[in-house]
Amino acid sequence: MKMTSLIRGFLFGIVSLMAATVGFAQDALDGLEAIGKPTLGATGFQTAATELARDGQWLDGMVHWIMAIVTVFVTLLLIWVVIRYNQRANKEASRFTHHTMVEIAWTILPIIILIVIGSFSLPILFKQIEIPESDITIKVTGNQWYWTYEYPESGVAYDSFMIGAGEPGLTEGVIAELESYGYEASDYLLAADTAIVVPVGAVVRVQILASDVNHSFAVPAFGIKMDAIVGRLNETWFKVGADPRDVEAGTDADENYIGVYYGQCSELCGKNHSYMPIVVKVVSQENYEKWLAGAIEEYAGIPASTTVASN
Ligand SMILES: [Cu+2]
């Protein structure tokens, strides 16, 4: 009997130690406001916080206009045919089999439309994979069913689990845990115990891998969604901040994008696919450095002052 309580005490100690470890750098939301977050009942996009998201949303608008024009044109054409060529108005049906000019027109016109769309969409697609000189590299690994985040330059690596993972649902215990991290009950399914932390305005290179089955790393407000494929390293990037033109005009500033952004695994990866949210905290450079120093200490990383010998 004594042995059992000893083991129980030992296990309890380990669990509390783990809880304390997780509690650290991630102390919650630090009062950060949610910027990239789904809104109940809303339609449309989340706030575009990166150039990629702004480009993608602009392209979406442009393609919608083209679709609207094509739809209106085809509808009007149909109405005209129904009125002008119905049996009453057009007693004798014509017997011709083809019309060369019309056939050329309906071949050329869609080609032109597709070239116009492609000439705008391809550069935007390429921009997602052509990574500018980066300030930080983050390695993201998808696992069943949690994420592992790694800052290779600092030797920091940690896992990120959904708050309430493994619980039967939004129980009182889960609500209490959410609150202890600074979340509300409505953040259930979006909140995770640890987050990716990046400074505002920094170019972040994201390397995406999977350890077991395929996952997908997606943060809508950043305009990124990249598959995590077993045996393959995919890359994308993001830089959170205001549009440089708005900064120049004085109507927006990078600081307005300091906040929390949410994403989710976007590739069906098993029974808990919907329970692996992504939390990205965008903070000031100063707070980032503070966080990183703490994370290096916590996760046994490489101190910033260490110079790595090179030859
Ligand atoms: Cu997944």
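A short reminder: the numbers here are calculations on the coordinates, not readings from a lab. Computed from a predicted model, the values in this text were never measured in an experiment. Heads up, the Cβs are rebuilt from the backbone with ideal geometry, glycines too, and the neighbour counts pull from every protein chain shown.
Could you please rank LYS91, LYS127, LYS290, LYS271, placing first whichever residue has the fewest other Cβ atoms within 10 Å of its Cβ?
Lowest count first: LYS91, LYS271, LYS290, LYS127.
Estimated purely from DSSP H runs of n ≥ 4, each contributing -39500 (n - 2.57), the mean residue ellipticity at 222 nm for the chain is -12500 deg cm²/dmol once divided by its residues. Think of the chain as having a plus end and a minus end, set by charges on the Cβ of Lys, Arg, Asp and Glu; of ILE83, VAL282, VAL219, ILE83 sits farthest toward the positive end of this dipole.
The stretch 126-194 and the stretch 220-268 have their alpha-carbon centroids 15 Å apart. Within a straight-line Cα-Cα reach of under 21 Å, LYS127 can be paired with the following lysines, leaving aside sequence neighbours fewer than 8 residues apart in one chain: LYS139, LYS225, LYS239.
Evaluate the relative contact order of the chain (contact order divided by residue number), counting alpha-carbon pairs under 8 angstrom at least 6 apart; express in whole percent.
On the way: 508 pairs, mean separation 72.4, N = 311.
Over the chain, the number comes to 23 percent.
For the chain, the membrane-span-like helix rule (DSSP H, alpha carbon extent of at least 24 Å along the helix axis, mean Kyte-Doolittle at least -1.0) picks out 2-23, 51-84, 100-129; this says nothing about an actual membrane. Among the GluC sites (Glu not before Pro) within the stretch 51-144, those in coil by DSSP and having at most 15 neighbouring Cβ atoms inside 10 Å are GLU92, GLU130, GLU133.
In loop segments of the stretch 171-260 as defined by DSSP, the GluC sites (Glu not before Pro) with at most 16 further C-beta atoms inside 10 Å of their C-beta are GLU184.
Please report the antiparallel percentage of the DSSP beta bridges confined to the chain, to the nearest 5.
Antiparallel: roughly 70 percent of the beta bridges in the chain.
In plain terms, if you count all Cα to Cα distances in the chain and split them into 10 Å steps from zero, the share in each step is 5, 20, 27, 19, 11, 8, 6, 3, 1, 0, 0 percent.
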